[in-house]
Amino acid sequence: MFARTVAVVGTGYVGLTTGACLASLGHRVVCADIDEDKVAALSRGEITIREPGLADLVAEGVAAGRLSFVVGAAQALKELEGEGKPVEVLFLCVPTPMGVGGVADLSAVEAVVEEVRDAMPPGCVVVNKSTVPVGTADRTAELLARPDVQVASNPEFLREGSAVHDFLHPDRIVVGSNSSQDAAERVAALYARLGAPTVLTDAASAEMIKYAANCFLAMKLSYVNALAELCERVDADVSDVTEGMGYDRRIGQAFLSPGPGWGGSCLPKDTHALLQVADSADFEFRLVRASIDTNTRQFSRMVDKVRLAVTGSRNGSLTRVRLALFGLTFKAGTDDLRDSPALGVAALLRQAGADLVAYDPGVAVDSPAARTLDSHLLTLVGDPYEAAAGAEAVVVLTEWPEFRALDWARVAESTTGGTVVDTRNLLDPAVIRRAGLSWTGVGRPTTVAAAR
Ligand code: UDX
């Protein structure tokens, strides 16, 4: 006996994780997508998303008959109907890209609503799981025009690289609905086995919680990045400063590492979207604006660091200076290059005339991700020592742990300039120094190696 019947529309990152995890909790889940090839591949257990544990969950769900994949949302409803247990909860997990002027493009949500409107059984709940502007639940209810079908918002808080873990060990479950408390409770009940604190609220508050959380995280990082700059100016060490701050339970140690800026598929999109929400409510959200501006500035700050480290001067020229970039993805453990700060920094270095050779453990030379890279921007190679060969400096842009384990003496032999700019404070400066290289981090004195 299946606990609940669920349709998940959209098998992207959020949809596939949601479908596979809900099936693992015992629900009967049909996932729908408009891409026939993708549905065929998923039905064979082939997944292209790089996410620890996800392939196993999909395989287990399919083998147990709890998880299946179909083409089109209407077909998902038919499949469950045919099994004699019509859909109880339908999740919308379709893309909501940032459109013109930072307004989220809701055309995929609208298309699905149109498709399922007449096929939804009375009493079921339609749930927005994609990050959508405040007010979308109401808009969905309007489009649906089915007073007997309720609408709820159930934002996800999954991080790339640990999405399955995050789904199954959530800090909280948030469900908002304007239709009825009962609709929100039924959605929350899907997660009952996880035992997480649950916030039941109205739709606008649930939608706002997602933006509020992501923008707070972005603001925290911009604060730390700005703090790192100040530490450099007053000879303080940001690593010690953030450790000291983080023991305060109101602040916490997480999300306090400075870097080349924050990026990825969520934080940039959500900060702009919240500004848009604020704008349309005639509210000037200066903190969020400042967080975005600080982040943009962080890219050029990294370029200034490279310039100073390589040429010894703030005005030195990087024209035809060969640089090895270690890491291109927006964070370690992913092959995702979307809105990667590493690429933001790379673009500015290239603009300054540098020749860039990059290596990233998550992006193989012939991979689909690699094909999205502009060959005029950089040359991608499959080996860190090859990237370092003949380079005047190594610039670490993503915090891949494997970079710590490199043979840095070998890197030192390959480079011509002997400089490492570590924008993630990833490496042990003492190890780098011992290898005969100079080390520059973010917010840390360059003499830190001697002091430790
Ligand atoms: C984020 C949110 O964490 C998640 O809750 C939401 O659902 C989606 O957006 P994700 O995009 O996977 O998740 O990335 P995250 O791990 O949060 O990192 C975001 C960016 O901040 C990355 O560029 C990362 O490198 C950077 N970062 C993170 C830092 O620079 N320092 C830190 O201490 C932490």
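The values are calculated or read from the model by the stated rules, or taken from the named source; none is laboratory data. Values in this document were obtained by computation on a predicted structure and should not be read as measured data. Quick reminder, even Gly has a Cβ in these numbers, built from the backbone with ideal geometry, and neighbours come from all protein chains shown.
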Can you find even one residue in the stretch 384-401 that is within 29 Å of ASP235 (Cα to Cα), surrounded by fewer than 19 Cβ atoms within 10 Å (Cβ to Cβ) and not hydroxyl-bearing (Ser, Thr, Tyr)?
yes
Can you pull out every residue in the stretch 190-201 that is under 26 Å from VAL134 (Cβ atoms) and not aliphatic (A, V, I, L, M)?
TYR191, PRO197, THR198, THR201
May I ask you to verify whether THR242 is touching a Leu at 6+ places or on another chain (Cβ under 7 Å), without any contact (Cβ under 8 Å) to a residue 24 or more places away in the chain and either within 16 Å of the ligand (Cβ to nearest atom) or closer than 16 Å to ASN425 by Cα (or both)?
yes
Take the residues in the stretch 46-97 that are in a helix (DSSP H, G or I) and β-branched (Val, Ile, Thr); name whichever of them is surrounded by the most Cβ atoms within 10 Å (Cβ to Cβ).
VAL58
Could you figure out which of (1) within 16 Å of the ligand (Cβ to nearest atom); (2) farther than 17 Å from ALA196 by Cβ isn't true of VAL103?
(1)
Residues that are under 30 Å from MET245 (Cα atoms), within 12 Å of the ligand (Cβ to nearest atom) and assigned to a helix (DSSP H, G or I): does the stretch 166-178 have at least one?
yes
When you scan the stretch 352-399, how many residues do you find that are within 19 Å of SER317 (Cα to Cα) and either within 16 Å of the ligand (Cβ to nearest atom) or not assigned by TED's automatic domain parsing to the domain that holds THR334 (or both)?
1
For the stretch 14-45, name all the residues that are among the small types (Gly, Ala, Ser) and surrounded by fewer than 17 Cβ atoms within 10 Å (Cβ to Cβ).
GLY26, ALA40, ALA41, SER43, GLY45
Kindly indicate whether ASP56 is closer than 17 Å to GLY10 by Cα and acidic (Asp, Glu).
no
Answer from ALA204, ALA213, ALA184, ALA218 - the residue that is surrounded by 15 or more Cβ atoms within 10 Å (Cβ to Cβ), in the same structural domain as GLY135 (by TED's automatic domain parsing) and under 26 Å from VAL134 (Cα atoms):
ALA184
Could you say which residue among ASP248, ASP240, ASP282, ASP235 is over 17 Å from the mean Cα position of the chain (by Cα), under 24 Å from THR96 (Cβ atoms) and surrounded by fewer than 17 Cβ atoms within 10 Å (Cβ to Cβ)?
ASP282
Would you mention how many residues in the stretch 251-264 are within 6 Å of the ligand (Cβ to nearest atom) and crowded, with 19+ Cβ neighbours inside 10 Å?
6
Given the conditions (1) more than 11 Å from the ligand (Cβ to nearest atom); (2) among the charged types (D, E, K, R); (3) crowded, with 21+ Cβ neighbours inside 10 Å, report the number of the one that ASP293 does not fulfil.
(3)
All but one of (1) in contact with a Cys (Cβ under 7 Å, 6 or more places away or on another chain); (2) farther than 22 Å from LEU158 by Cβ; (3) not hydrophobic (A, V, I, L, M, F, W, C) hold for GLU36, so report the exception by its number.
(1)
Single match in THR319, THR334, THR311 (criterion: within 15 Å of the ligand (Cβ to nearest atom) and either at pLDDT below 95 or not hydrophobic (A, V, I, L, M, F, W, C) (or both)):
THR334
Any residue in the stretch 345-369 that is assigned to a loop (DSSP other than H, G, I, E, B) sitting within a Cβ distance under 7 Å of a residue that is of a type in the set (Gly, Ala, Ser)? List the pairs, counting only those 6 or more apart or interchain.
GLY353/SER317; ASP360/GLY327; VAL363/ALA369; VAL363/ALA370; ALA364/ALA370; ALA364/GLY382; VAL365/GLY382
Only one of GLY72, GLY45, GLY61 that is farther than 29 Å from LYS331 by Cβ, over 22 Å from the mean Cα position of the chain (by Cα) and among the small types (Gly, Ala, Ser)
GLY72
Could you look through the stretch 265-277, keep only residues that are within 7 Å of the ligand (Cβ to nearest atom) and farther than 30 Å from PRO445 by Cα, and pick out the one that is surrounded by the most Cβ atoms within 10 Å (Cβ to Cβ)?
CYS266
Give the residues of the stretch 98-115 that are free of Cβ contacts under 8 Å to residues at least 60 places away in the same chain and part of a helix (DSSP H, G or I), sorted by residue number.
VAL100, SER107, VAL109, GLU110, ALA111, VAL113, GLU114, GLU115
Take the residues of the stretch 145-165 that are away from the ligand (no atom under 13 Å from the Cβ) and either part of a helix (DSSP H, G or I) or in contact (Cβ under 8 Å) with a residue 12 or more places away in the chain (or both): which is nearest to LYS210 (Cα to Cα)?
SER153
